[in-house]
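A quick write-up on the structure given underneath.
The values are calculated or read from the model by the stated rules, or taken from the named source; none is laboratory data. Quick caveat, the model's predicted, so the values are computed rather than measured. Every residue, glycine as well, gets a Cβ built from its backbone with ideal geometry; the counts of neighbours run over all protein chains shown. Note: areas computed on protein heavy atoms with side chains; ligands, DNA, RNA excluded. Shrake-Rupley method; radii C 1.70, N 1.55, O 1.52, S 1.80 Å.
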Amino acid sequence: MRYLLMLLFFVVSVAAQHTATHRDSIKSLEEVTIKSATKNKIETEMKMAISVDEFLSSSANISFIKRGAYAWEPLLNNMSTERSTLTIDGMHIFGACTDKMDPITSYVESNNLATIDIKSGQEGNMHGSTVAGSIDLKRKSTAFSENALWKGTYQSGFEFNNKQFFNLGNVSFSSQKWVADGSISYRKAENYSDGNDDEVNHSQFKKFNSSLGLAYKTSDLSSVRVEAIFDMAKDVGYPALPMDLWLSRAVIASASYKLLFEKGLVKVWDSKVYFNAIEHYMDDTTRPENLVHMDMPGWSTTYGLLSRINLKKEQYSSEIQLNAYDNLSIAEMRMYPQDRSERTMFAYSWPWVTTRYAGLSMNNVWEISEKSQVNVGGSLGINYNYSKYIDFNWIFHPGAPQEKTRFLPSLNAGYIFDSNQFNFSIGTGYGHRAPSVSEGYGYYIYNSFDRYDYIGNPNLKNEISYEANAAAGFKTDKLSVQGKINYFYIQNYIIGRILSMGSPMNYQSVGVKGYTSLDYATLLNMSLNATYDILPHLHWNGVLTYARGMDDNGGNLPFIRPLSYQTSLHFMHKNFGIQTSINGDFEQIHYSPEYGEDETPSYTIWNISADYSFKINRMKAVVQVGAENILNEYYSTYADWGNIPRMGRNIFTSLKVNL
Amino acid sequence: MKFFKLFAVAFFLAIASSCTLDKTDFEAELETEVPEYYEFEEAAVLTVENYTIHIEALNGTFYKGYNEIRLHIKDAHTNTELSSSEVTFLPIITHLAGDNASGPHQYKLSYNATEKYYSGYVVFPEESSQGNWQFYISFTDANQVFKGTQQVMVETQTNKNLNMASFIGADSEQYFIALVAPQKPTVAENNLVAGIYKYDKPTTSAGTFPDPSQFSYSVVSNYTLKLDPRMPEPSMGNHSSPNNKDLTQQNDGLYHGVVNYTMTGNWTLNLMLFNQAGQLLKGTVVPTDFTPGVQGVKSELYIDTLF
C-alpha cells in the first residue's frame with residue numbers, strides 16, 4: 001500500500017504527532033505514512049470528542065462557511081463545494097438542500113469514520129472531475145483476524161455552552177471469515193451563547209447517526225462487504241437563515257467486492273455499487289415573525305458504481321478507477337399567503353434535475369530513485385444533465401436545451417523529492433468541471449448571505465482550471481518547517497451576478513442574481529507550518545495561512561480566508577496531557593461588497609484542555625476537560641453568514657472508554 | 001455475531017421505509033385551481049321548423065368571458081347537415097329592468113369545411129344572474145331564411161385564467177378584453193392570447209328588435225396591450241417575472257403575447273391599452289419596487305389570474 005499512500009500530498013492524520021489543532025483552526029498537512037492495518041482516530045490533539053466538521057477544520061486547506069452550529073460547508077482551497085468532490089469511500093452523495101445546508105459531511109459522524117483523505121486540485125480527480133480537489137471520508141473497517149475478537153468504544157461528553165450532550169458507541173467483531181462494524185451516536189444541543197453571553201437563537205440541533213458494515217471473506221484473497229449509514233437530524237436551527245431544518249434523513253448503502261492478487265501486474269481490484277437517498281425538509285414554523293410561511297423540501301437520490309484497480313511493477317505503480325453515477329435532485333418551495341384559505345404558491349427550485357456522470361481516472365507513479373518520484377495522472381469524464389421541468393429554466397433562459405452533455409478532461413503531473421532533511425515538490429494540473437445543479441438549473445434559490453435570489457443558467461460553459469503548486473520542507477530531529485503554495489487560474493469562473501430582469505421571490509431578498517461565467521478568476525493559497533520539540537514531552541506547533549482570490553477585474557472573490565494563524569503547545573507527562581492553543585484571523589482587508597461581504601475584524605481565540613488516561617478493570621479510559629474561547633471573545637469570522645457571532649466560552653468534558 | 005444479525009435486520013428495516021414527505025405531483029398541483037375545458041359538448045339545441053340547431057361550447061357550458069361556439073344545423077327531412085348556409089348569431093341579454101344589451105360576438109358565423117361546423121365566438125360580459133340571455137340565430141337554406149331563438153344559461157367563470165375586463169376608454173368608446181388562452185397556465189413561458197373588442201356605437205336609430213346594428217361589436221386592429229404581470233399577495237412583495245411580451249394583433253385577429261409565471265398562485269396582469277396611434281386608452285404604470293408586506297398596486301386596467 002505504500003505507493004498509494006506516497007501519492008497523497010495531503011493526508012490528514014490526526015494520530016500523527018506534532019499536529020496540535022483546534023476547531024476553527026488550521027494546521028499544516030503532513031505527508032504521513034500509514035500502515036494499512038492501523039487506522040487513525042478522528043480526533044484532534046485539542047479535543048478528543050469532536051464532530052466531523054471540527055475534525056475537517058483542523059486541515060490547513062479547509063475552511064468553513066457557517067450558518068449556525070451545525071452542518072458547516074467545507075471550503076477546500078477557499079473554494080465552495082461545487083468545485084470539490086465530496087465522497088464517502090468514493091461514493092458520490094449530493095445534498096438535498098438548495099442552500100447547501102447539508103454538505104455530505106453532515107451525514108456522517110466522527111465515530112464511523114477512520115480518516116479523511118484530502119487531495120488538492122487535480123490530484124483529487126480520482127473520484128470525478130474537480131477544480132479545488134477532493135475530500136474523501138473514509139469509513140472504519142475492521143480487518144479480518146485469526147481469532148474471534150470483539151472490540152468496542154464508548155464515548156460520552158457534555159459541552160456547557162450549548163448544553164450539548166453526546167453519546168457515541170462503536171462495536172466491532174472480527175474473525176477469520178466475518179467482520180462486522182457497528183456504530184451508533186446521538187447528539188443534542190441547545191442554543192449556544194456568544195462572547196457577550198447572549199443566546200444565539202435557532203442554533204440548536206439533534207442528530208442521530210448509525211452505521212453498520214458486514215464483511216465476509218470469500219477466499220484467501222477476496223471479500224465482500226455491505227455497508228450502510230443511516231443519519232437523521234431533527235430540529236436543527238440555522239440562525240443565519242430565515243428558516244430551520246425540521247428533518248433530514250440520509251440512507252447511504254453500498255456493496256463491494258475486493259479481490260487481491262499475489263502475482264502479476266494487478267494487485268487489487270475493488271468494485272462497489274452504491275445507493276443513497278437524502279431527504280431534507282426545511283420550513284419556518286419556528287419563526288412566527290416571518291412574513292411568509294414557506295416550506296422547502298428537497299430530495300436527492302444517487303445510484304453509483306465505482307471500480308478500481310491498482311497496478312504495480314518494480315518502480316512503477318498505478319491506480320485506475322471507473323466512476324459512474326446517476327443523481328436526481330428535486331427541491332420544492334411552497335409559500336403560504338397570509339390568508340391560509342387562499343391558494344398556496346408553488347415552484348421548483350431544482351426542477352427534477354438528473355445528473356449522470358461516467359469517468360475513467362488514472363494516476364501513475366514512477367519512483368525514479370529512493371528519494372524522488374514522478375506522478376502523472378489524468379481523467380476523462382462525461383457529464384449529462386436533464387431538467388424535467390425545463391419550463392422553469394426557460395423563464396430566464398428561453399430556449400435553453402433540456403439536455404446537455406459535457407466532456408470533462410483532467411490532467412496533472414508532479415515531482416516529489418524527499419530526503420531525510422529536505423523535501424520538495426512541484427506540480428501542475430488542468431481540469432474541467434461541469435456546473436452544479438444549482439448553477440445550471442437552480443431557480444430562485446435564496447442566498448441569505450448576499451440576500452439575492454439565484455437563478456441557474458443551463459448554458460454555462462465548463463469551468464476550466466489551470467493550477468500550479470509547490471511545497472518545500474526542512475526537518476531536523478527537533479524542528480520541522482513546511483511551506484506550501486498553490487495557484488489556480490480558473491477560466492469561465494462561475495459566480496452570481498445581478499440580473500437587470502426579474503424581481504425577487506423571497507421576501508427577504510433584495511434582487512435576483514444569475515449564475516454567469518467570469519472570463520477568469522485567480523486564487524492563491526499559501527501555508528507555512530512549523531513544529532519544534534522544546535523538550536521531549538513539550539511540543540510547539542505554529543501555522544500561518546494566506547489566500548487571495550481575484551476576479552477578472554481585479555476585484556475580490558468572496559469567502560477567501562484572510563491571513564490566519566494558529567500556535568499551540570502540547571505537554572505530556574505519564575498519563576497526563578495538557579494542550580493550549582491560540583488561533584485567529586487577521587482583519588479581512590480583501591472583502592467583496594459585491595458578493596455581500598463586509599469587512600470582518602480580526603479576532604483571537606485562546607483554548608486549553610487537559611486529559612488523563614487510566615484503566616478500569618483493564619479497560620483503557622481517557623477523561624478530558626477543556627475550555628474553548630477562554631476569554632469569551634465576541635467574534636464572527638469572514639465566512640459566517642449574516643455575521644452570526646461564534647460561540648463564546650465553552651467548557652467541555654468527555655470520557656472515552658475502550659472496551 | 002448474533003447481535004450483529006439482529007442489528008442488521010433492524011437497521012435495514014429502519015432504512016427501507018420510504019420518504020417521510022411525498023414529493024409534489026406537479027401536474028396535479030396545476031389542476032387544483034384550474035378546471036379544464038378541452039372538449040366541445042352540446043350546450044343548447046333548438047328546433048326551427050324541420051331543422052335542428054346544435055350549439056356546442058367547451059364543456060357544454062357558456063361562461064362569462066370568451067366562449068368559442070360551434071353550430072351544427074341539421075335538416076330532419078334529408079338528415080343532412082347544412083354546409084352552405086349563411087348563419088348569423090346575435091346574443092342578447094334582457095336585464096331585470098327590461099333593457100337589452102349584448103357582448104362582443106361574431107355576427108356572421110364562418111364555416112369550417114374540414115370539421116363541418118359553423119364557428120364563431122361570443123364574449124359574455126355578464127352572467128345569467130344579471131338577466132336573461134337569448135341567442136337569435138338565422139340561417140339560409142335554398143335561398144330561404146329561417147330564424148330561431150333560444151334561451152341559454154351563462155355561468156360564472158370558474159377558470160380565472162379566462163377572466164375579462166370591460167371599460168370606457170379615453171376615447172369614450174367601450175372596450176372589452178377577454179382572455180382566450182392559456183386555459184391552463186403553468187410555471188413557464190405561456191403564450192397569452194386575448195380578444196380586444198369595441199362596441200360600435202349605433203349610427204341609426206333602433207329598428208325592429210333584435211336589430212343587429214344596435215348590438216354591433218368589432219375586433220380592434222393594430223392596438224397594443226402592454227403587459228406587466230405581478231403577484232398581488234402582500235407576502236410576494238410585488239413580485240414580477242422577466243421576458244414577458246406585450247400583446248399585439250396576429251392574423252387570427254386575436255392579440256398574442258407572452259406571460260411568464262414564475263410560480264403558481266394568484267397573479268395580476270397589469271395592462272395598458274394603446275390604440276393604433278399610440279394613444280393610451282386605459283391603464284396606468286405600476287410600481288416596480290419590491291415591497292414585501294404590501295399588497296401589490298394594480299393598474300387601472302388589470303385582469304386577475306389564478307392557477
Out of the trypsin sites (Lys or Arg not before Pro) in the range A:598-647, which ones are loop residues according to DSSP with at most 11 other C-beta atoms within 10 Å? A:Arg618
For A:Asp339 and B:Ser129, extending 7 Å from Cα along the Cα-Cβ vector and measuring point to point gives, in nm, a value of 1.6 nm
By how many nm would the segment from B:Val145 to B:Glu173 grow when fully extended, if each residue of separation counts as 0.36 nm and the alpha-carbon distance is taken off? 6.7 nm
Relative contact order for the range A:371-483: what percent, with Cα pairs under 8 Å and sequence separation of 6 or more? 25 percent
Using alpha-carbon positions, what is the distance between the centroids of the range A:75-118 and the range B:83-124, in Å? 67 Å
Full extension between A:Ile651 and A:Ile382 adds, at 0.36 nm per residue less the Cα distance, a length in nm of 91.9 nm
Counting only other residues whose beta carbon sits under 14 Å from that of A:Tyr415, what net charge do I get with K and R as +1, D and E as -1? -2
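About its Cα centre, how strong a charge dipole does the range A:137-227 have in debye, to the nearest 20, once Lys and Arg get +1 and Asp and Glu get -1 at the Cβ?
560 debye
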Row for the protein assembly as shown, column shape: gyration tensor on C-alpha, a ≥ b ≥ c, rounded if a/c < 1.5 i.e. under 1.5, prolate if a/b over b/c, else oblate; value prolate
The protein assembly as shown: calculated mean residue ellipticity at 222 nm from DSSP helix runs of at least 4, using -39500 (n - 2.57): -1000 deg cm²/dmol
Between A:Ser175 and A:Phe417, the FRET efficiency computed from the C-beta separation at R0 = 51 Å comes out, to the nearest 0.05, as 0.70
Hey, can you find the accessible area per residue of chain B for me, probe 1.4 Å, expressed in square angstrom? 45 Å²
Find how much the distance from A:Leu221 to A:Val481 grows on full extension, using 0.36 nm per residue of separation minus their present alpha carbon separation; answer in nm with one decimal. 89.4 nm
When only Cα pairs under 8 Å and 6 or more residues apart are kept, what is the percent relative contact order across chain B? 14 percent
What's the angle, to the nearest 10 degrees (0 to 90), between helix B:2-16's Cα axis and the longest principal axis of chain B? 20 degrees
Charges on Cβ only, +1 for Lys and Arg, -1 for Asp and Glu, centred on the Cα centroid of the range B:40-155; of B:Gly60, B:Met153, B:His95, which one is farthest towards the dipole's positive end? B:His95
The range A:588-635 - charge dipole about Cα centre, Lys and Arg +1 at Cβ, Asp and Glu -1, debye rounded to 20: 840 debye
Most positive-pole-ward Cα, A:Asn290, A:Phe275, A:Phe230, against dipole of the range A:189-307 from beta carbon charges: A:Phe275
For the range A:417-484, report the accessible area per residue in Å² (1.4 Å probe, heavy atoms, rounded to an integer). 38 Å²
Quick one: buried accessible area between A and B, total over both chains, 1.4 angstrom probe, nearest 100 Å²? 4300 Å²
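Just flag the chymotrypsin sites (Phe, Trp or Tyr not before Pro) in the range B:167-243 sitting in loop per DSSP whose Cβ has no more than 16 other Cβ atoms within 10 Å.
Those that pass, being in a loop and sparsely packed, number zero.
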Using the beta-carbon distance between A:Asn201 and A:Lys620 and R0 = 41 Å, what value does 1/(1 + (r/R0)^6) give for FRET efficiency, to the nearest 0.05? 0.50
Over 27 Å between C-alpha atoms is what I'm after, so list which of B:Lys23/B:Lys226; A:Lys258/A:Lys313; A:Lys138/A:Lys620; A:Lys163/A:Lys656; A:Lys119/A:Lys461; B:Lys245/B:Lys282 land there. B:Lys23/B:Lys226
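Between exposed GluC sites (Glu not before Pro) in chain B, where DSSP calls loop and at most 11 other Cβ atoms lie within 10 Å, what's the longest gap?
B:116-307
Enumerate by residue number the chymotrypsin sites (Phe, Trp or Tyr not before Pro) in the range A:210-289 meeting two conditions: DSSP loop (anything except H, G, I, E, B), and at most 16 other Cβ atoms within 10 Å of the site's Cβ.
Hits after loop and neighbour filter: A:Phe261.
For the protein assembly as shown, what is the charge dipole size about the Cα centre, in debye to the nearest 20, if Lys and Arg each add +1 at the Cβ and Asp and Glu each add -1 at the Cβ? Could you put the intermediate results ahead of the total?
Working: 77 positive and 101 negative charges, 921 e Å.
The calculation lands at about 4420 debye.
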Going by a 1.4 Å probe on protein heavy atoms, which residues of the range A:369-395 end up with at least 10 Å² less accessible surface in the whole assembly than in their chain alone? A:Tyr389, A:Asp391, A:Phe392, A:Trp394, A:Ile395
Going by a ≥ b ≥ c, the root eigenvalues of the Cα gyration tensor, does the range A:447-534 fall in the rounded group (a/c under 1.5), the prolate group (a/b larger than b/c) or the oblate group? oblate
Considering Cα pairs under 8 angstrom that are at least six residues apart, work out the relative contact order of the range A:609-657 and quote it in whole percent. 40 percent
If you take every residue apart from A:Thr600 with its C-beta less than 12 Å away from the C-beta of A:Thr600, what net charge results, scoring Lys and Arg +1 and Asp and Glu -1? -4
